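Chemist: Take this structure first; my questions come after.
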Amino acid sequence: MSAILMPKPDQRVLDRRDAIIAGLAKLVPPAALITAEDERRAYETDALTAYRQLPLAVVLPSTTEEVAAVLAFLNAEGVKVVARGAGTSLAGGALPAEDAVVLGVSKMNRVLEVDTANRTIRVEAGVTNLGVTAAVQHLGFFYAPDPSSQLACTIAGNIGMNSGGAHCLKYGVTTNNVLGVKMVMMDGTIVEIGGEALDAAGLDLLGLIVGSEGQIGVVTEAVLRILPLAEGARPMLMGFQSAEACGACVAAIIASGIIPVAIEYMDRPAIRVCEAFAHAGYPLDVEALLIIEVEGSEEEIADLIDRITAIAAKFEPSTFKVSQSEAESAAIWKGRKSAFGAMGRIADYMCMDGTIPTGQLPRVLTGISEICAGYGLEVANIFHAGDGNLHPLVLFNANKPGELEKAEAAGADILKLCVEVGGCLTGEHGVGVEKRELMVHQFNRIDLDQQMRVKTALDPQWLLNPHKVFPLEGRPV
Amino acid sequence: MTAPLRPTSEAEIEAIVAEAVAARTPLAIEGGGTRDIGRPVQAARAVSTLGLSGVTLYEPSELVLSARAGTKLSEIEALLAGNRQRLAFEPIDWRPLLGTSGEPTIGGVTASNASGPRRIQAGAARDHLIGIRATTGRGETIKSGGRVMKNVTGYDFAKLAAGSWGTLGILTEVTYKLLPMAETETTLVYEGLDAARAVDAMTTALGTPFEVTGAAFLPGEPSRTLIRFEGFSASCGYRAGRLSDMLAAFGAPERLHDEASQSLWTAIRDVRPLGATGSDVVWRISVKPTDGPQVVARLEAEVSARTFLDWSGGLVWAAIDGPADGGAATVRTLVAMLGGHATLVRAPHGLRAALPSFQPEAPAVAAITAKIRESFDPAGVLNPGRMG
Ligand SMILES: Cc1cc2nc3c(=O)[nH]c(=O)nc-3n(C[C@H](O)[C@H](O)[C@H](O)COP(=O)(O)OP(=O)(O)OC[C@H]3O[C@@H](n4cnc5c(N)ncnc54)[C@H](O)[C@@H]3O)c2cc1C
Ligand SMILES: Cc1cc2nc3c(=O)[nH]c(=O)nc-3n(C[C@H](O)[C@H](O)[C@H](O)COP(=O)(O)OP(=O)(O)OC[C@H]3O[C@@H](n4cnc5c(N)ncnc54)[C@H](O)[C@@H]3O)c2cc1C
């Protein structure tokens, strides 16, 4: 086990396990309550697999009312609750605790209403990200935030983490695409916030809820904004012999007034692994690769490609290739979107998620190499270049004693560097358990205390996903 | 009331708030004094942010700008225009409607979550605000977010601050992401549609890939339905052409370009179609776009409202002259039935003191709001009553 500690489970809760399970059994059908150890194992971790905790029990309610009954009961019993979507969090956001009940929304997976005239869709929170697009694609619409995990991850988890994706440069992240939620507070109160109108009355509670990592309430339904599909889209590949040239090229494109839908960056190690996996046609003889995608009609795409070509020429790309077919475009994106999975085939990795001011790219990439070399580890970098969201994958071998700890230490140093240059610890994956103790590098005591006061105001006993986000020390509860 | 206090640093603001807490004397926060919206604040002292002024960071190639809260919006817009960039949410200028003078500040733009016609495509201030610094009602200065485009580190207090009307903290510095200014703009103008047909045309337009950035309906003789495109000029021409083919059933539109289009949208942004300050009461009503025509019909029939629509029908501006309650009973009931909300933005002082300006929240939601506010401002010294 590694450096991040979980607090000692509450013995009083563990001792009452049978009574708690009996209480839950009265509230949900038998199939919705998981108590056997081998079945609970399926929920002991998320995509941060270095951490595992067997939960007390797992409940899988089918309705908002069931969620409300379960929370009211657990609140009265003083039992912790970890809300779970698909468990793809890379930050340990869905990691259970031994004295906590996991509340999964996977059974709440219906699309409730599609309204193309108002460009909205109402879904239950357990619908997958791709499931939303699938429900409206035949009508010419899509749901914009596109995490690479979109086949599996749920709207509940996306809201929990305020997830992003490659196409967020143009369309924004989750918080810019959620219009309303139905949510259950820890005491069982059901609230509806926002709706189909563009803005809601009063304080922007929706803005607080999105990204609150399951610490404020359990989201059961959401109204999302859907957008019309573009007429066409085309990616292009640009390879450079240095990170500096590549970074300068991105800055020049943006300064020219063009905002492509996506600008993705990969360094040499990442290119190799992704190319071996996806056969996307990535050049292997470059230090840095950009995938730039533009959208529109044939003429608009051609015009944008011409403009970008002219700008890029100044930075002497050694490869320049525009996708010529649907198949080629799909391969280009497959390589990028399967980057984490492809990397996972060759090594264990810690995926970092800092964001930096884009102008700091060369400096930070150099810093990352030095940090990893210092720990004797390799690193591959994948980067949402348009918005500065960096994903260094620190590679290690979990079977070698001490390597995980080294990878974690390297990761922490990288994130501190991101903060030092004016950036932040996490751009889209969330703090979770992973970066909890690093929060003191970005926030001071006053900042953290105010955030925790809001948590206390809405969940006075700190029962909702309590071991995450805030350092263990200095908590009010 | 004495002249407003004019702090020039966060430390001074912290001291002012601490003193207000100790003496239990609430503060009214003012930026440019252009958004006299919400219940008039019952406060012993006003705090002006105008002493906290100046752009502190501008990186055009990174599309980011930070400014102290009292910086004039006009100063920021001029600076950005020099690099052909802009705040994409098209902040409204309230002065024509409210008859206020003074200069809007970036703090006021933020605290009121300003937006404009481009909201349907680009969102409101909240969607572009990436960092804040604010002094809370505890006299402590906190930060949230930062200067980078993507940030999920900790709770998103920037969103909470946007639209808090100064009731959670006194913003001292804000950071926005920017977008390039469009090379040009084109507007299609359809004449003679009724509100229902207009909303049909506008929502159809927004369901196409042609990236409409404005959709408004101005009643009149003849009525005008406006659909805006922005971008490179070839692209605007192409999209306008394709859309008018698709909307052939709604008539043959006139096309306006550049300045002619721009001035129309500035007028819509600033609610000029309702006319300058009058004795009437003005409501801003936000509903789902397809409910817009029903709101218009009901308000015309029941309280003789004058109206126009923005956001493809989702934003109804209504001026009501006559009823003693400014039409509040009718407006509130209608909005409660449809789902959405209404804000009283212009009304005689007495009426504003007597009526809640903002749509009353459901009790469970109001309870959450109250708890959050209490955690930021336990003594209730910041703009008390403004949002109540
Ligand atoms: C291969 C891979 C690629 C990825 N790519 C991306 C990417 O491109 N962009 C990106 O942003 N992320 C990415 N992620 C991270 C992850 O997929 C996202 O964080 C995702 O949103 C998590 O969704 P989930 O349904 O799996 O949620 P979970 O992991 O189950 O939960 C995530 C968080 O949300 C909370 N939560 C869950 N359900 C609820 C609820 N009903 N109410 C309130 N809170 C709730 C949880 O408590 C937890 O804190 C990737 C992960 C993997 C494994
Ligand atoms: C000449 C004059 C006389 C006045 N007399 C009185 C009086 O007698 N009694 C009285 O109660 N008020 C008085 N006021 C204040 C006025 O009624 C409102 O308080 C004021 O209009 C609200 O702020 P604003 O319009 O200046 O802010 P804007 O800049 O238009 O701001 C809009 C909203 O944001 C808030 N805000 C602005 N900047 C910040 C910031 N940096 N941080 C947080 N919130 C912010 C404001 O409080 C307001 O709610 C007076 C104002 C003026 C100009």
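Taken together, the values in this text are just the output of simple stated rules run on the coordinates, not laboratory data. If you're wondering where the values come from, they're calculated on a predicted model, not measured in any experiment. Virtual Cβ from ideal backbone geometry, glycine too; neighbours counted across all protein chains shown.
Chemist: What angle do you read, to the nearest 10 degrees and between 0 and 90, between the alpha-carbon axis of helix B:328-338 and the longest principal axis of chain B?
Modeler: The helix B:328-338 is inclined about 70 degrees to chain B.
Chemist: Under the rule of -39500 (n - 2.57) per DSSP H run of 4 or more residues, summed and divided by the residues of the protein assembly as shown, what mean residue ellipticity at 222 nm is obtained, to the nearest 500 deg cm²/dmol?
Modeler: -9500 deg cm²/dmol
Chemist: Further question: How crowded by other chains is B:372-381, given as the mean number of beta carbons from other chains within 10 Å of each beta carbon?
Modeler: If you average over the peptide's residues, the count of other-chain Cβ atoms is 3.
Chemist: Here's a follow-up. Beyond 19 Å, how much of the Cα-Cα pair distribution for the range B:272-354 remains, as a whole percent?
Modeler: So the portion of pairs separated by more than 19 Å is 28 percent.
Chemist: Please work out the C-alpha center-to-center distance from the range A:209-252 to the range A:338-354 and express it in whole Å.
Modeler: Each part's Cα centre sits 19 Å from the other's.
Chemist: P(r) for the range A:151-307: what percent of alpha-carbon pairs falls in each 5 Å bin, starting at zero?
Modeler: The calculated distribution, bin by bin, is 2, 8, 14, 15, 13, 13, 12, 10, 8, 5, 2, 0.
Chemist: Taking just the alpha carbons, could you work out the radius of gyration and Dmax for the range A:111-228, both in angstroms?
Modeler: Both quantities, over Cα of the range A:111-228: 13.1, 41 Å.
Chemist: Just subtract the alpha-carbon distance of B:Glu77 and B:Arg6 from 0.36 nm times their residue separation and send over the number in nm, one decimal.
Modeler: 23.2 nm
Chemist: Please compute the net charge surrounding A:Leu393, taking Lys and Arg as +1 and Asp and Glu as -1 over other residues with Cβ under 11 Å from its Cβ.
Modeler: Counting the neighbours of A:Leu393, the net charge comes to -4.
Chemist: Separate question: Across 20 Å bins from the origin, how do the percents of Cα pairs in the protein assembly as shown run, short distances first?
Modeler: Taking all Cα pairs of the protein assembly as shown, the binned fractions are 15, 49, 33, 4, 0 percent.
Chemist: Another question about this same structure. Which whole-angstrom value gives the distance between the alpha carbon centres of the range A:367-445 and the range B:81-133?
Modeler: About 36 Å separates the Cα centre of the range A:367-445 from the one of the range B:81-133.
Chemist: Picking from A:Met238, A:Thr189, A:Asn118, whose Cα lies most toward the positive end of the charge dipole for chain A (charges on Cβ: Lys, Arg +1; Asp, Glu -1)?
Modeler: Of the options given, the answer is A:Thr189.
Chemist: While we're on this one: B:Gly131: net charge of surrounding residues, Cβ under 15 Å, Lys/Arg +1, Asp/Glu -1, itself excluded?
Modeler: Charge balance near B:Gly131 sits at 0.
Chemist: Right, something else. I'd like the antiparallel share, as a percent to the nearest 5, of DSSP beta bridges with both residues in the protein assembly as shown.
Modeler: Antiparallel: roughly 90 percent of the beta bridges in the protein assembly as shown.
Chemist: Quick one: Kirkwood hydrodynamic radius for chain B, alpha-carbon pairs, angstrom, one decimal?
Modeler: Hydrodynamic radius (Kirkwood, Cα only) of chain B equals 21.7 Å.
Chemist: Also: Enter the per residue convex hull volume of the range B:180-256, computed from alpha-carbon coordinates, in Å³ rounded to the nearest integer.
Modeler: About 80 Å³ per residue, rounded to a whole number.
Chemist: Okay, next question. Restricting the calculation to Cα positions, tell me the Rg (one decimal) and the Dmax (whole number) of the range A:11-107 in Å.
Modeler: Taking only Cα atoms of the range A:11-107, I get Rg and Dmax of 12.4, 35 Å.
Chemist: Which pairs in the list A:Lys416/B:Lys143; A:Lys107/A:Lys400; A:Lys170/A:Lys406; A:Lys80/A:Lys337; A:Lys416/B:Lys177; A:Lys107/B:Lys177 are over 29 Å apart, alpha-carbon to alpha-carbon?
Modeler: Beyond 29 Å between Cα atoms: A:Lys107/A:Lys400; A:Lys170/A:Lys406; A:Lys80/A:Lys337; A:Lys107/B:Lys177.
Chemist: What is the spin-label model distance, in nm, from A:Ser318 to A:Asn399 if the labels are put 7 Å beyond Cα along the C-beta direction?
Modeler: Going by the 7 Å Cα→Cβ label model, 3.5 nm.
Chemist: At B:Ala276 and B:Ser304, where each label point lies 7 Å from the Cα along Cα→Cβ, what is the point-to-point distance in nanometres?
Modeler: Taking the two extended label points, one gets 2.3 nm.
Chemist: In a solvent-free Debye calculation with one equal scatterer on each Cα, what is log10 I(q)/I(0) for chain A at q = 0.05, 0.07, 0.10, 0.11 Å⁻¹, listed in the order of the q values?
Modeler: For chain A at q = 0.05, 0.07, 0.10, 0.11 Å⁻¹, log10 I(q)/I(0) is -0.19, -0.37, -0.76, -0.92.
Chemist: A further question follows. Just for the range A:54-120, what percent of DSSP beta bridges are antiparallel, to the closest 5?
Modeler: The antiparallel proportion sits near 10 percent.
Chemist: For B:Arg45, which sequence-distant residues (separation of 5 or more, or a different chain) have an amide H within less than 5 Å of its own amide H, given hydrogens modelled in the peptide plane?
Modeler: Under 5 Å from the amide H of B:Arg45 lie the amide H atoms of B:Ala28, each far enough along the sequence or on another chain.
Chemist: Next question, about the same structure. Residues with beta-carbon under 12 Å from that of A:Gly140, excluding A:Gly140: net charge, scoring Lys, Arg +1 and Asp, Glu -1?
Modeler: Taking every other residue near A:Gly140 into account, the sum is 0.
Chemist: In nanometres, what is the gap between the two model label sites at A:Gln11 and A:Asp306, each 7 Å from Cα along Cα-to-Cβ?
Modeler: Each label point is offset 7 Å from its Cα along the Cβ direction, giving 7.7 nm.
Chemist: Once amide H atoms are built 1.01 Å from N in the peptide plane, which residues 5 or more positions from A:Ala288, or in another chain, come under 5 Å H to H?
Modeler: Placed amide hydrogens put A:Phe240, A:Ser242 under 5 Å from A:Ala288.
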